[in-house]
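Take a look at the structure below.
Every number in this text was worked out from the coordinates using simple rules, so none of it is lab data. Remember, it's a predicted structure, so these values are computed and weren't measured experimentally. We place every Cβ from the backbone using ideal geometry, glycine too, and count neighbours over all the protein chains shown.
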Amino acid sequence: REAAFVGTYFFCYEGYKSEFRKLLLQFGNGLGRNVNNAKPKSNLESSSSITSLAIPMAGGCAGATAWAFTFPLDCVRAGVQGQLIPPHANEIIQKQGAYHVLKNLWLTKGFWGLYAGVGPSVARAFLVSGSRFSSYEGVLWLCRWSGLTSAGESKVGEEGPGACDD
């Protein structure tokens, strides 16, 4: 369950971050041309401020996608863990494995039984993952800016935490 979740989580985050950055840059370029006849911002300044939204949006969508993808595994896990424990040590109760829990869940509740309660979990995952990736990217930017880690040839310290290294 965890391997499937984490793989989906980070794979989707990188893809969403790249796509949201492209969309936001296109959107920002369309907005920034003739707003109150103001002088357009430099590419570096507008890129950083516009794409700073890409990180929480990508993180939120990645968390929601990963939860939606792996939620049936979580339902089966909860079914296995939620089985009764015998009240007396001398009683023997045959516990069901994951396959039997999945089979019983499918037979009693159908496909949607595997997704019972998915709505609140996905909403929570969107909020938590958006803030988690924003914090991660911010700390990574601070570490690179302060020289604690190398940032390769990129000028990450000048761009700010919203700039993506694509």
Revision key, fill the gap. Karplus-derived 3J(HN,Hα) from phi for the stretch 103-119 (6.51 cos²θ - 1.76 cosθ + 1.60, θ = phi - 60°), whole Hz, x at Gly and Pro, runs 4, 5, 5, 5, 5, 8, 10, x, 4, 5, x, 6, 10, 5, x, 5, x
Exercise for review: For the stretch 7-18, just list the computed ³J(HN,Hα) in residue order, Karplus coefficients 6.51, -1.76 and 1.60, θ = phi - 60°, integers in Hz, with x standing in for Gly and Pro.
Suggested key: x, 5, 4, 6, 4, 5, 4, 5, x, 4, 4, 5
Review point. Ranked highest first by average number of other Cβ atoms within 10 Å, how do 57-63, 91-97, 134-140, 110-116 line up?
Key: 57-63, 134-140, 110-116, 91-97
Practice item. Sort the stretch 52-155 into rounded, prolate or oblate with this rule: let a ≥ b ≥ c be the square roots of the eigenvalues of the Cα gyration tensor; rounded if a/c is under 1.5, and if a/c is not under 1.5, prolate when a/b is larger than b/c, oblate otherwise. Key: prolate
Revision key, fill the gap. Rounded to 0.05, the calculated FRET efficiency for the beta carbons of GLU91 and LEU127 at R₀ = 41 Å is 0.40
Practice item. Between ALA3 and TRP145, with labels modelled 7 Å along Cα→Cβ, what's the label distance in nm to one decimal, could you check? Key: 3.9 nm
Point to revise | Estimated Rh, the stretch 71-121: Kirkwood, alpha-carbon pairs, angstrom | key: 12.0 Å
Point to revise | Karplus (6.51, -1.76, 1.60) ³J(HN,Hα), θ = phi - 60°, over the stretch 74-85, in Hz, Gly and Pro reported as x | key: 5, 4, 5, 4, 5, x, 5, 6, x, 6, 5, 9
